[in-house]
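For reference, the structure is listed below as structure tokens.
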Amino acid sequence: MEVIKAIILGLIQGLTEFLPVSSSGHIELGKVILNYNPSESLLFTVVLHCATVLSTIVVFRNDILEIIKGLFSFKWNEETQFAAKILLSMIPVGIVGVLFESQVEAFFNENILLVGLMLWFTGCLLYLTGYVEQKQTAKLAAQSTASKRDGKIRFSDALIIGFMQAVAVLPGISRSGSTIATGLLLGVDRERIARFSFLMVLPPILGATLLKLKDFMEAPQATIDIIPLTAGFIAAFISGLVACLWMIDLVKRGKLIYFAFYCFIVGAIAILYSILT
């Protein structure tokens with residue numbers, strides 16, 4: 001039965017990691033609904049995130065290869081600049097991970113009220129994005145072509161987007177939703193910010209996974225149930241592939257605002273549940 005629960009949580013992780021509805025928040029809600037809290041809860045969460053990172057690599061494999069080729073040309077080309085922006089975006093989340101790891105872990109303890117409130121934060125951000133995009137579209141239509149922003153990601157944009165990724169460690173705040181929304185609000189092109197948002201998560205998640213595995217290797221007394229972890233990993237990977245491709249299409253078509261209402265509804269349910277129980 002625990003394997004089935006792990007698969008369900010894996011499916012939730014894969015689907016919600018890329019959709020702007022907070023995978024961590026839904027995982028915490030799923031644990032409560034399923035009455036399932038693995039003995040190594042944070043490790044389980046990291047494993048599921050690692051699965052969705054792998055699905056990201058599969059989807060963006062050609063982009064990753066182009067970036068690697070560009071880096072090995074040892075020139076300040078577009079690929080090298082993109083990699084530098086990725087590294088810059090990692091600074092905020094790296095600081096949070098190193099200095100506040102124990103505080104972050106404390107949030108992953110079925111705190112449904114926090115999840116509900118943060119889902120509302122995500123919803124507000126997504127709603128604001130849709131509203132501002134409409135205003136920007138009308139404004140840009142009246143401007144000359146020369147005065148329009150080119151839609152590229154600047155280094156300052158990368159740092160601000162990285163800050164939002166650090167804020168998204170809280171369960172209930174969507175990482176993809178917050179980073180993509182922030183990029184759109186900054187005037188970044190939809191396709192560019194979707195690509196940047198999905199690729200910028202690779203180094204931090206891989207780093208967190210390696211550190212967590214290191215901790216468990218140094219503490220052999222800790223028991224790890226491999227079968228549920230594996231089942232959850234596979235489920236998250238497959239569903240992540242589907243959700244990643246779907247999300248890219250949604251961003252291109254400017255459909256993020258609809259997820260704001262979903263976050264409002266689920267957030268309200270979570271808040272009411274925490275108050276009434």
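The values are calculated or read from the model by the stated rules, or taken from the named source; none is laboratory data. This is a predicted model, so every value here is computed, not measured. Every residue, glycine among them, receives a Cβ derived from its backbone with ideal geometry; neighbour counts consider all protein chains shown.
Details
- Listed here are the helices (runs of 4 or more DSSP H) enclosed by region 1-76 that have at least 3 residues being without any contact (Cβ under 8 Å) to a residue 12 or more places away in the chain and not hydroxyl-bearing (Ser, Thr, Tyr): 61-71.
- The condition (being more than 19 Å from the chain's Cα centre (by Cα) and either at pLDDT 75 or above or among the charged types (D, E, K, R) (or both)) is satisfied by just one residue among 88, 113: 113.
- The set of residues in region 119-160 that are over 30 Å from residue 274 (Cβ atoms), crowded, with 17+ Cβ neighbours inside 10 Å and at pLDDT below 90 contains only 133.
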